[in-house]
1. Would you check which residues across the stretch 355-409 are of a type in the set (G, A, S), assigned to a helix (DSSP H, G or I) and more than 19 Å from L343 (Cβ to Cβ) and list them?
2. Which of the residues belonging to the stretch 395-435 are crowded, with 24+ Cβ neighbours inside 10 Å and among the hydroxyl-bearing types (S, T, Y)?
3. If I filter the stretch 73-86 for residues that are over 28 Å from the mean Cα position of the chain (by Cα) and among the small types (G, A, S), do I get at least one hit?
4. Taking L515 and the conditions (1) closer than 20 Å to A410 by Cα; (2) surrounded by 18 or more Cβ atoms within 10 Å (Cβ to Cβ), which numbered condition does it fall short on, given that it satisfies the others?
5. With respect to V176, determine if the residue is farther than 24 Å from V607 by Cα, in contact (Cβ under 8 Å) with a residue 24 or more places away in the chain, part of a strand (DSSP E or B) and not assigned by TED's automatic domain parsing to the domain that holds A63.
6. Return the residues of the stretch 659-707 that are touching a Ser or Thr at 6+ places or on another chain (Cβ under 7 Å), at pLDDT below 85 and buried (at least 21 other Cβ atoms within 10 Å of the Cβ); say none if nothing qualifies.
7. Return only the number of the condition from (1) in a helix (DSSP H, G or I); (2) within 21 Å of the chain's Cα centre (by Cα); (3) not aliphatic (A, V, I, L, M) that P576 does not satisfy.
8. Here's a check for you: in the stretch 336-354, which residue that is of a type in the set (D, E) and assigned to a loop (DSSP other than H, G, I, E, B) is modelled with the lowest pLDDT?
Amino acid sequence: MANRFIIGRGEVLTYEIPPPKSGGPKVHPYSLAEAKATLIPQIQGMAAQVVDLPASACPGNIAVAKMTLHPAYIAKSFFPTGLLRGAGLISVGSRTVRVTPMKDTRKKIVEQRETTQIFVAGTRESFARFPAYAQQLETGIKEGVEFSEIEALGLMSSEDRIKISESVRGKGVYEVGLHLIPDTSVEALRRSFAAYCRQCGFTVASKYEFQVGGLMFVPVEGDASGLETLARFTLMRVIRPMPMLRSVRPLTRGTPISVGFRLPGNQPLSNEPSVAVLDGGLPSHHVLNPYVSNYFKSDDAAADVAGYLDHGLGVTSALLFGPVEPGEEAQRPYSYVDHYRVLDELSDGEDPYELYRTLGHVEEVLLSRQYQFMNLSLGPDRSIEDDDVHAWTAVIDTLLSDGETLLTVAVGNNGERDQALGFNRVQVPADCVNALSVGASNRTDKSWSRAPYSARGPGRNPGRRKPDVVAFGGSPKEYFHVAVPGVRPELSATMGTSFASPYVLRTAVGIRAVLGEAVVPLTVKALIVHAAESPELEASADPLDIGWGRVPQDLNDIIMCGDGVARIIYQGVLRPGKFLRAPVPLPLVQLQGNVQLHATFCYASPVDVQDTGAYTKAGLSVTFRPHAGKKKPDKEPAPKSFFSTTEFRTEQEQRDDLGKWETVLDACHTFRGSSLEGATFDIHYNARDGGATPNAGAELVRYALVLTVIAPKHTNLYDDILSSHSVLKAIEPKVSIPLRT
């Protein structure tokens, strides 16, 4: 078989098209009169509660309420901008909740559905005027329509803010998220909160404070008995126990075995990819020195910890070599690596503040913008929550939103914890939408499945499919072998998602090393998701366990094409509100038999950390049109469902189907060759800000599309596509690697 590398420059085929015509008028569940009858008593109750708030708990005289929208109105175009302005209120965040509305326009039987709950802030005076303002609203005006879209209103209570089990007793450390009010002094908020904490018997560790988006995260310390009073502070979003670093309690500490291994006979394949590991450091003596370009300590004054050094060396070994076969020669590294020691003796104690100190170290490396590829096999020992974003996730997602760095993150080894309580869900920051979260599989052969210890999904919405992918991470029947400290090449038998994650990054670095600058990190992420494979018994492949699947162990399965197969990549930027048409490159001759189309979209999105209900500020609506000739006069070609979402599906259905606000879309469908002619994907970039339409110009976002066409009866498909589309070019490898024969 000829060596055929993936085809590039698909973006040259794309072009902008006019927007389609909008649908018909919206059917509203409530009239304005019905809304007033229900909501005005609730508003009056809120106004009375605001009056009773103590001045010390109400900085700047500001209180925060929760405005729950009817599930029919979660699209950004329904955001109640005019109503909030008229009432003297502002949105400071949102979250997704499930409610059973009083009426449902779509179904005769009213069911519980997902919707958006907006946090709205205003002065005491604004809340006092709100009932009269609502009473004078009229039918037909914008503000009146927006008012009738509300399901419920209520003041934020201590119970809404506290995320702590009843078993918590005595003195403890907690992390608090505070709402930042636009155009108001952060320093004034800081002083007010510190004073209120003192009044409640709590102290604030302000030196560990993080500000991300519209939230400020800060640790506090005090007795659990005072939490309810502390949580009356009106600008508090959430308070929860401060978790420990998960790497303090590893799944297993590797045990050296008597069998050695041989180091590769060659230097790394490439000097070009810039790669970093953020972990526990490297011991004074180890055999990886020839492959480690630089070693940095985030805090030179802090001493090493032996267990962390073992972990850091093992993670670096997994990135360089993958799992090493005892007694054999390790695989050749694809590139050199830098190692950052972000864990040290200060992280090793029981001081919960070190969680934020370590995040500061991670942030510093990300802010340097030096690396295209990075691995993080550590984080808080906390399973993700649907209501609120953790500081680790917020910081990392924000810094990855430019799409220029691929970060692999281990999902955690908590997969055997209590499922009913959600303790087995992926751990922070594996819920990042701009990172690649990695779980572990238990075997290297075709009979693999999720390793029992590997954390499970779902993630938050958006980002429901977590982990993104899995890779071999070891199991008691087949360990993951890594290098151990010392001057001789010896191995440790271990297992964990900590090693699966850098193993995936090794594949990513390999793609970039071979293909060079023709592929950017975001495209590498899309290629990895695209090539992910299901286990031999696909019926047992639960996305909650394995995400999109297991990453191939052979790089050739990702970057090369067999007979009757063509893999094309598109990469570029999308403009907000615009429609981009991406043609599917097919040969000029009619394809015979069945043709399989497999498409993967990845994009990097800015995030609103205070808006868990509208976390990603960018989303894609993708419409597939398989046949250019099948259309009505003056109409676009007929669409066909591809990513489980049709052209006129409601916002709720798109969200339930992992739709347009997900940063990864992947699907595969089979068509008759005769049904494909001038096929296209029409891509619409939706922009939002705080759940609403942006007031100013939204950011450009990077995207990558990987498209594989499989036509078994057309063995020359690859060459025929290249000859039919002269702008497309096969990507030439930059280095020599062992190829299939």
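The values are calculated or read from the model by the stated rules, or taken from the named source; none is laboratory data. The structure presented is a predicted model; accordingly, all values stated were derived computationally and were not measured. When we count neighbours, we look across all protein chains shown, and the Cβ atoms used for this are built from the backbone with ideal geometry, even at glycine.
1. A394
2. T408
3. There is at least one residue in the stretch 73-86 that is over 28 Å from the mean Cα position of the chain (by Cα) and among the small types (G, A, S).
4. (1)
5. no
6. G659, K660, G690, G691
7. All conditions pass for P576, except number (1).
8. That would be E350.
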